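Below is one structure, written out as C-alpha cells; the observations come after it.
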Amino acid sequence: MVDLTVKIGDIVFKNPVLTASGTFGYGDEISSLIDVNSLGGIVTKTITFSPREGNPPPRITETTAGMINSIGLANIGVERFVKEKAPIYKSFDTRVIVSVAGETIDDYCRVVEYLEKEISADGYEINISCPNTEKGGIYFGSNREMSRNVTKAVRQLTSKLVIIKLTPNVTSISDIAGAVADAGADCISLVNSFVGMAVDVETRKPKIKKIIGGLTGPCIKPIALAKVYEVCSKVDIPVIGIGGISTGEDALEFLITGACAVEVGTATFFDPKAPVKIIEEIKEYLNSNNIKNVSEIVGSLIQS
Amino acid sequence: MRLYDKRCEIKFITSLSDDTYHLGIVSPEISESCIPGQFLMVRVNDDYEPLLRRPFSIFRTEPKEGIVEIVFEVVGKGTKILSERRSGEFLDVLGPLGKEFKINSKNLILIGGGIGFPPLFFMADFQKSENRNVVFYYGARTKDGIFFEKELGRICNKLIITTEDGSLGEKGLITDVFIKDLETGIIRGEAEVFSCGPTAMSKEISSICKRYNLKSQVSLESVMACGTGLCQGCVVRVENAQKSEYKLVCKDGPVFDSDIIIWED
Ligand SMILES: Cc1cc2nc3c(=O)[nH]c(=O)nc-3n(C[C@H](O)[C@H](O)[C@H](O)COP(=O)(O)OP(=O)(O)OC[C@H]3O[C@@H](n4cnc5c(N)ncnc54)[C@H](O)[C@@H]3O)c2cc1C
Ligand SMILES: Cc1cc2nc3c(=O)[nH]c(=O)nc-3n(C[C@H](O)[C@H](O)[C@H](O)COP(=O)(O)O)c2cc1C
Ligand code: FES
C-alpha cells in the first residue's frame with residue numbers, strides 16, 4: 001500500500017489531488033459522476049461577500065489545447081453559500097477549502113469573518129489572481145505590497161489553513177510569493193489563468209465579450225510548471241501546483257518539481273473523471289517505482 | 001435524473017447529405033432514461049484538439065437495443081472529426097443533460113429550423129402513442145437540408161415543410177409560413193409551440209407567439225465547456241417576474257419558456 005496523504009499546515013489531505021476553484025462548482029454538481037470522497041479535497045467556486053452575476057456572454061471560447069474564460073467570479077455570495085451549499089459539506093469525507101475574493105482588503109476580511117462564524121471549512125484559498133474582475137483580484141496579486149497586506153489581514157482572522165492563490169501575470173512571481181510567505185500564508189497555490197485573447201476573423205470580433213480573459217488547460221502546463229519551479233526555489237512554505245493538469249503524469253511533473261499537491265481545473269470539463277483518474281495514475285506510478293510515500297517524490301527533481 | 005459518463009461504442013454513422021450525419025451510439029442507460037429536449041456532451045476524440053466536448057440534442061432512442069442517436073452538421077473542427085469516426089470505435093459520452101420540453105396541452109406545434117430539428121423529432125416520436133395533435137413545421141434553405149421527412153410524416157398529424165428556395169414544400173422562411181397559418185386561422189384552439197433553430201429564428205418565433213398569445217418553449221444554443229453547471233460559461237439573460245438574471249443554458253435549459261428570454265443582438 002502506498003501512502004498518498006499529504007499534510008499542509010495542520011491539515012491532512014488523503015491524497016494530493018484537489019479540484020481547482022471555479023471548475024468544480026460548489027462540489028455538488030457532478031457528485032453522481034465522481035465520488036468527491038475519493039479526492040484529496042475540493043476548492044469551491046470563489047465566494048465574494050455580495051452575489052455577483054458575472055460578465056456578459058460569450059464568456060468562453062476554445063483555443064488550441066486550451067480555453068479562454070471571462071466568467072467574472074459569478075457566485076451566489078457568502079450568505080447564500082453558507083445557507084445553501086455549506087450544509088452539503090457535512091456529508092463530505094474530504095477536505096473543503098473555500099475560495100475567497102473581494103474588491104478591497106476589507107471585502108476579503110468580511111467574507112472570511114462571515115465564514116469563520118458560520119461554518120467550519122478546512123481552510124481558505126485567497127484568490128488574489130482573478131483576471132476577470134474590474135477591481136480586486138489580479139490587482140492585488142500583481143502588487144507586492146497589496147499581496148502582503150491582504151495576506152496579513154486574513155491571517156489575523158483565522159487559525160485555519162490560509163492558501164494564497166497567485167497570478168502568473170506578473171514580472172516576478174517569486175517576489176510576490178516571498179511577500180505572502182513572509183506575511184504568514186500557510187501555503188501558496190499557483191497558477192491562476194494567464195491573460196489571453198482570441199479573435200473571430202470572419203466577424204473581426206473578439207471571441208469573448210470582455211475581449212481579454214483567462215487562458216487555461218493543457219496549453220498552459222509548461223508555463224505553469226516553470227512558475228511553480230520558480231516559486232518553490234524561493235519560498236519554504238508548501239506550494240500547490242495548478243495549470244493544465246489532465247493526467248497522472250502531468251500531476252507528477254508538478255510534484256517532482258516541488259509542489260506538495262495539485263489542483264485539477266479545465267480537465268474536469270472535458271473529462272469529469274479526470275481528478276479521480278489522476279489519483280489512480282499517481283498511485284500506479286508510485287507502486288511501479290516502489291515508492292512507499294508520495295512525499296518522497298515531492299521536490300525530487302534531479303538538477304545535474 | 002442520473003447522469004452517465006461512459007465510453008460508448010459507435011453503432012452506426014451514416015451521412016445524410018454532404019455535411020449532415022446520423023450517429024448512433026450504444027448506451028442503454030441514457031437510451032432508457034433520456035427525454036426530449038435533453039442533450040449529450042460528446043468528446044469527439046481522445047486528443048486535446050479539440051479540447052472540449054461538443055453538445056448535441058438527442059434525436060431518437062431505441063431503448064430495446066440500448067441505442068441513442070444524434071444528427072449533426074459539420075460546421076467546424078469538432079464536428080468534422082466526429083464525422084470521420086467509424087462504427088465499432090468508442091466515444092466518451094456524457095448525458096442525459098439539461099431540462100426537457102414540458103408538454104401541457106393536447107395541441108402541439110413543433111418548429112424546427114435547419115439542424116435544430118433533432119430535439120423536436122425526438123419529441124414527436126416520443127409522444128406518438130399519446131393522443132395528441134402534433135403539427136410539425138420544418139424549414140431549411142433547400143431540400144438537401146430536410147431529413148427524415150417520411151418518418152416525420154408518419155409520426156405527426158401534419159408536416160409542413162418550407163424551403164427558402166422552394167425546392168421542397170412551401171417556398172419561404174419558416175417564420176413567414178407560420179405567421180400566414182396563424183393569420184388564416186388554420187391553427188385554432190389552445191396550442192403550445194416548441195421550437196429549436198438558429199437564434200434569429202427562435203427569437204422571431206418567440207415574438208410571434210407573444211403576439212398571438214401562444215405559450216412557447218424554445219431550445220437554446222450556447223458555447224459550452226462542461227455541460228454540467230461547473231464552468232458558468234453558458235449563460236443567457238432571462239427576466240422573470242421583474243427579476244433579471246443569468247441562467248445556465250446547460251443546466252437551467254436548454255429548454256426555456258421563450259417569453260422570459262432577453263434576446264441579445
Ligand atoms: C444544447 C445544444 C444542442 C445542440 N444540438 C445540436 C444538434 O442536434 N445537431 C447539431 O448539428 N448541432 C447541435 N448543436 C450545435 C453544436 O454543438 C455545434 O455545432 C458544435 O459544437 C460545433 O463544433 P465544431 O467544433 O464543429 O465547431 P467550432 O470549430 O467550435 O466552431 C465552428 C462554428 O460553429 C459555431 N459554434 C460552435 N459551437 C456552437 C454552439 N454550441 N452553438 C452554435 N454554434 C456554435 C462557432 O461559433 C463557429 O462559427 C447543439 C448545441 C447546443 C448548445
Ligand atoms: C471557467 C473557469 C472559471 C474559473 N473560476 C475561478 C475562480 O472562481 N476562482 C479562482 O481562483 N480560479 C478560477 N479559475 C482558475 C482555475 O482555478 C485554475 O487556476 C486555472 O484554470 C488553471 O488550471 P487548469 O489549466 O487546470 O484549468 C477558473 C478557471 C476556469 C477555466
Ligand atoms: S457549459 Fe459549463 S456551466 Fe453550462
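The values are calculated or read from the model by the stated rules, or taken from the named source; none is laboratory data. It should be emphasised that the depicted structure is a prediction, and the values quoted were computed from it without experimental measurement. Note: ideal-geometry Cβ built from the backbone for every residue, glycine included; neighbour counts use all protein chains shown.
Test B:Lys243 against the criterion of being in contact (Cβ under 8 Å) with a residue 24 or more places away in the chain and among the basic types (Lys, Arg), and give yes or no. Taking the combined requirement at face value, the residue does not satisfy it. Filtering A:Lys117, A:Lys85 for residues that are within 14 Å of chain B (Cβ to nearest Cβ) and either of a type in the set (D, E, K, R) or touching a Gly at 6+ places or on another chain (Cβ under 9 Å) (or both) leaves a single hit, A:Lys85. Are there any pairs, at least 6 apart or on different chains, whose C-beta atoms fall under 6 Å, with the first in segment B:70-99 and more than 13 Å from chain A (Cβ to nearest Cβ) and the second hydroxyl-bearing (Ser, Thr, Tyr) and part of a strand (DSSP E or B), and if so, which? Hits for this filter: B:Phe72/B:Tyr21; B:Glu73/B:Thr20; B:Ser83/B:Tyr21. Note on segment B:94-121: residues that are within 16 Å of ligand 3 (Cβ to nearest atom) and touching a helix residue (DSSP H, G or I) at 6+ places or on another chain (Cβ under 7 Å) amount to 2. Of everything in segment B:206-239 that's more than 19 Å from A:Ile71 (Cα to Cα) and within 14 Å of chain A (Cβ to nearest Cβ), which residue is nearest to ligand 3 (Cβ to nearest atom)? Residue satisfying both the conditions and the ranking: B:Leu220.
The residues of segment B:1-60 that are part of a loop (DSSP other than H, G, I, E, B) and away from chain A (no Cβ under 14 Å), listed by number, are B:Leu16, B:Ser17, B:Asp18, B:Asp19, B:Ser27, B:Cys34, B:Ile35, B:Pro36, B:Gly37, B:Gln38, B:Ile58, B:Phe59. Scanning segment A:244-269 for residues that are assigned to a loop (DSSP other than H, G, I, E, B) and more than 14 Å from chain B (Cβ to nearest Cβ) returns A:Gly258, A:Ala259, A:Cys260. Only one of the numbered conditions (1) touching a residue at least 12 places away in the same chain (Cβ under 8 Å); (2) more than 10 Å from chain B (Cβ to nearest Cβ); (3) surrounded by fewer than 24 Cβ atoms within 10 Å (Cβ to Cβ); (4) of a type outside the set (Val, Ile, Thr) is not met by A:Lys7, and that is (1).
The number of residues in segment B:46-79 being among the charged types (D, E, K, R), in contact with a strand residue (DSSP E or B) (Cβ under 6 Å, 6 or more places away or on another chain), within 18 Å of B:Gly95 (Cα to Cα) and away from ligand 2 (no atom under 16 Å from the Cβ) comes to 3. For segment B:253-265, the criterion of being within 19 Å of the chain's Cα centre (by Cα), away from ligand 1 (no atom under 16 Å from the Cβ) and not aliphatic (A, V, I, L, M) is met by at least one residue.
Of the strands (runs of 3 or more DSSP E) lying entirely inside segment A:17-135, those carrying at least 2 residues that are of a type outside the set (S, T, N, Q) and in contact (Cβ under 8 Å) with a residue 24 or more places away in the chain are A:17-19, A:41-43, A:66-69, A:95-100, A:123-127. Residue-level check: of (1) touching a Ser or Thr at 6+ places or on another chain (Cβ under 7 Å); (2) surrounded by fewer than 24 Cβ atoms within 10 Å (Cβ to Cβ); (3) free of Cβ contacts under 8 Å to residues at least 60 places away in the same chain, A:Arg204 misses just (1). Of all residues in segment B:196-225, those satisfying the criterion of being away from ligand 1 (no atom under 16 Å from the Cβ) and part of a loop (DSSP other than H, G, I, E, B) are B:Tyr212, B:Asn213, B:Leu214. Given the structure, is B:Glu192 out of contact with any Gly (no Cβ under 7 Å at 6 or more places or on another chain) and within 16 Å of ligand 3 (Cβ to nearest atom)? Taking the combined requirement at face value, the residue does not satisfy it.
When the residues of segment A:46-64 are narrowed to those that are facing chain B (nearest Cβ under 8 Å) and within 10 Å of ligand 2 (Cβ to nearest atom), which ends up surrounded by the fewest Cβ atoms within 10 Å (Cβ to Cβ)? My answer is A:Gly54. Annotation: B:Thr228 fulfils all but one of (1) away from ligand 2 (no atom under 16 Å from the Cβ); (2) modelled with pLDDT of 95 or more; the unmet one is (1). Restricting B:Glu49, B:Glu32 to those that are free of Cβ contacts under 8 Å to residues at least 40 places away in the same chain, in contact with a Gly (Cβ under 8 Å, 6 or more places away or on another chain) and among the acidic types (Asp, Glu) reduces the list to B:Glu32. Looking only at segment B:240-265, count how many residues are more than 7 Å from ligand 3 (Cβ to nearest atom) and either within 11 Å of chain A (Cβ to nearest Cβ) or more than 30 Å from A:Leu33 (Cα to Cα) (or both). Total meeting the criteria: 16.
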